[in-house]
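One structure is given below, encoded as structure tokens.
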Amino acid sequence: MLDSAPKNQKSAAALAATRNWALLALNHADEAGADAENALKTQRVPELVLQRGIAKFLKKDFVGARTDAQEILRTNAADSGALSLAIQACLADKQNALALQILKESTAKNSASRMQLVAGEWLRQLGKTTDARAAFIAAKTLNPRFTDADLAWPRSMRKKAR
């Protein structure tokens with residue numbers, strides 16, 4: 001259906017992004033990456049940069065994926081999708097110290113409760129349980145009504161026990 005859109009509409013960033021999410025879901029990384037690259041020639045949209053990075057990740061270009069994710073994080077440290085891509089690319093490339101550095105830099109730039117929760121989850125996965133707990137507490141302190149933070153620590157301990 002998206003392929004039958006008029007040519008002038010196909011180049012619109014929103015249409016390109018929608019089509020690329022579908023391509024990525026179908027594991028068509030080459031096509032999604034090429035489409036994102038073409039759309040980025042006319043308009044620099046973070047969502048398209050993220051999609052290009054995901055396509056690179058799926059093709060095991062971990063440095064390229066991390067570079068795209070970090071481009072987004074430079075302008076929006078709160079982009080949890082870009083943060084997750086950067087960390088996953090580092091971990092896949094066995095760059096755990098760099099993953100931790102990127103995580104700390106992003107959370108230092110954005111102390112929102114949601115970002116603290118994301119940081120806590122990643123810290124837990126990186127084996128930094130004390131830091132993870134501190135991030136979960138920070139998330140709850142920043143927003144006392146943030147119930148996800150209440151559940152994060154017990155949930156992370158349950159995963160560890162398995």
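The mean sequence distance of close C-alpha pairs (under 8 Å, at least 6 residues apart), as a share of the length of region 72-135, puts its relative contact order at 26 percent. A Förster radius of 22 Å, combined with the Cβ-Cβ distance separating residue 41 from residue 104, puts the computed FRET efficiency at roughly 0.05. Computed from Cα atoms, the angle from the helix 113-125 axis to the main principal axis of the chain rounds to 80 degrees. Once the Cα atoms are used to define both axes, helix 147-161 deviates from the longest principal axis of the chain by about 80 degrees. Averaging sequence separations of C-alpha pairs under 8 Å and six or more residues apart, then dividing by the length of the chain, give the relative contact order as a whole percent. For the chain, the relative contact order is 12 percent.
Given a cut-off of 23 Å, name the pairs among 41/94; 94/128; 60/128; 104/128; 59/94 whose C-alpha atoms lie farther apart than that in the structure shown.
From 41/94; 94/128; 60/128; 104/128; 59/94, over 23 Å: 41/94; 60/128.
Over region 36-78, the ratio between the Cα radius of gyration and 2.2 N^0.38 Å evaluates to 1.07. Please compute, over every Cα-Cα pair in the chain, the percentage with a separation greater than 22 angstrom. Of all Cα-Cα distances in the chain, 49 percent exceed 22 Å. Computed from phi, the 3J(HN,Hα) profile of region 37-48 under the Karplus parametrisation 6.51, -1.76, 1.60 (θ = phi - 60°) reads 4, 5, 5, 5, 5, 9, 8, 8, 10, x, 4, 6 Hz, with x in place of Gly and Pro. Among 23, 151, 103, the largest mean-square fluctuation in a Gaussian network model of the chain, built with springs joining Cα atoms closer than 10 Å, belongs to 151.
Taking neighbour counts of Cβ atoms within 10 Å as a proxy for exposure, in what order, fewest first, do 59, 41 appear?
41, 59
Taking only Cα atoms, what is the 0 to 90° angle, nearest 10, from helix 13-25's long axis to the longest principal axis of the chain? Relative to the chain, helix 13-25 is tipped by roughly 70 degrees.
Throughout, read-outs are computed from the coordinates displayed, never taken from laboratory work. The shown structure was predicted, so the numbers you read here are calculated from the model rather than taken from an experiment. Please note: Cβ atoms are built from the backbone with ideal geometry, for glycine as well, and neighbour counts cover all protein chains shown.
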